[in-house]
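Nothing in this text is a laboratory measurement; each read-out follows from the coordinates by a stated rule. All of these numbers come straight from a predicted model, not from anything done at the bench. We place every Cβ from the backbone using ideal geometry, glycine too, and count neighbours over all the protein chains shown.
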Amino acid sequence: MQELDARGLQCPLPLLKAKQALNQLSAGERLRVMATDPGSRRDFATFARLSGHELLQSTVVDGVYLYVLQKV
């Protein structure tokens with residue numbers, strides 16, 4: 001699983017960096033993203049719905065938003 005640390009970045013950068021990382025992955029591979037922007041929660045849910053990639057996890061731990069996306 002590839003990891004992307006987007007902590008400290010503001011909207012739309014966490015999502016843009018996640019899109020770039022997903023482009024480098026093969027179908028079925030997973031990307032774990034760490035972000036601190038509260039708006040990323042809405043952004044990642046919308047992105048997954050529109051792109052078809054699966055949002056397998058969306059949690060918050062100590063102010064850090066954690067997402068796991070699976071590329072389709």
* **In order through the range 8-25: 3J(HN,Hα) via Karplus (6.51 cos²θ - 1.76 cosθ + 1.60), integer Hz, x for Gly, Pro** => x, 8, 9, 3, x, 4, x, 5, 4, 5, 5, 4, 4, 5, 4, 4, 8, 8
* With point charges of +1 on the Cβ of Lys and Arg and -1 on the Cβ of Asp and Glu, referenced to the Cα centre of the chain, which listed residue (Phe47, Leu15, Tyr65) lies farthest in the positive direction of the dipole? -> Phe47
* **Within the chain: Cβ-based charge dipole about Cα centre, in debye rounded to nearest 20 (Lys, Arg +1; Asp, Glu -1)** => 160
* Asked: Translational D (Stokes-Einstein, µm²/s) of the range 1-69 at 10 °C and 1.306 mPa s when Rh comes from the Kirkwood sum over C-alpha pairs?
  -> 136
* Which order do Leu9, Leu66, Leu50 fall in if you start with the one that has the fewest other Cβ atoms within 10 Å? -> Leu50, Leu66, Leu9
* In percent, how large is the relative contact order of the chain, given Cα pairs closer than 8 Å and 6 or more residues apart? -> 35
